[in-house]
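**Q** Here it is, the structure, as structure tokens.
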Amino acid sequence: MSNPNLKLVENERAYRRVNVELQGALCMPGSPITMVRTSNISEGGIGLHQESGPLPENGAQVKLQLDGVVSSNADRNFDIYSMKVVYANKNSIGLAFETER
């Protein structure tokens, strides 16, 4: 028996994700900086892999520094993004871009 209210695709996204691997640093308030690698990126956020260290809590505000991102400032190797934690489990973290206020 089918249920028309169930989604056919369990992992629907608002934005198309692109697989990309960049090295970065995750800065969480009150915790040491954790090295991470991106797994994917979209207009809405970034998926990360973290080998070790504390996981951020869902809803937490964090800063992400990414290596290898083109910047308008030529002397910077990292760009810094304000992000909100959408999920964190095992060694995977999902972050959403925060809008500037």
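The values are calculated or read from the model by the stated rules, or taken from the named source; none is laboratory data. Keep in mind it's a predicted model, so treat the numbers as computed, not measured. Neighbour counts are summed over all protein chains in view; Cβ atoms, including those assigned to glycine, are modelled from backbone coordinates with ideal geometry.
**Q** If a residue must be of a type outside the set (K, R), within 17 Å of I80 (Cβ to Cβ) and assigned to a strand (DSSP E or B), how many such residues does the stretch 22-65 contain?
**A** Summing the residues that are of a type outside the set (K, R), within 17 Å of I80 (Cβ to Cβ) and assigned to a strand (DSSP E or B) in the stretch 22-65 gives 17.
**Q** Does P29 satisfy being closer than 12 Å to N89 by Cα, without any contact (Cβ under 8 Å) to a residue 40 or more places away in the chain and surrounded by fewer than 17 Cβ atoms within 10 Å (Cβ to Cβ)? So that I can check it myself, show each step before the final result.
**A** On the way: closer than 12 Å to N89 by Cα: no; without any contact (Cβ under 8 Å) to a residue 40 or more places away in the chain: yes; surrounded by fewer than 17 Cβ atoms within 10 Å (Cβ to Cβ): yes.
So P29 does not fit the description; no.
**Q** Could you say which residue among A74, A88 is of a type outside the set (D, E), at negative phi and at pLDDT below 90?
**A** Numbers: A88 fails: at pLDDT below 90.
Selected residue: A74, the only one of A74, A88 that is of a type outside the set (D, E), at negative phi and at pLDDT below 90.
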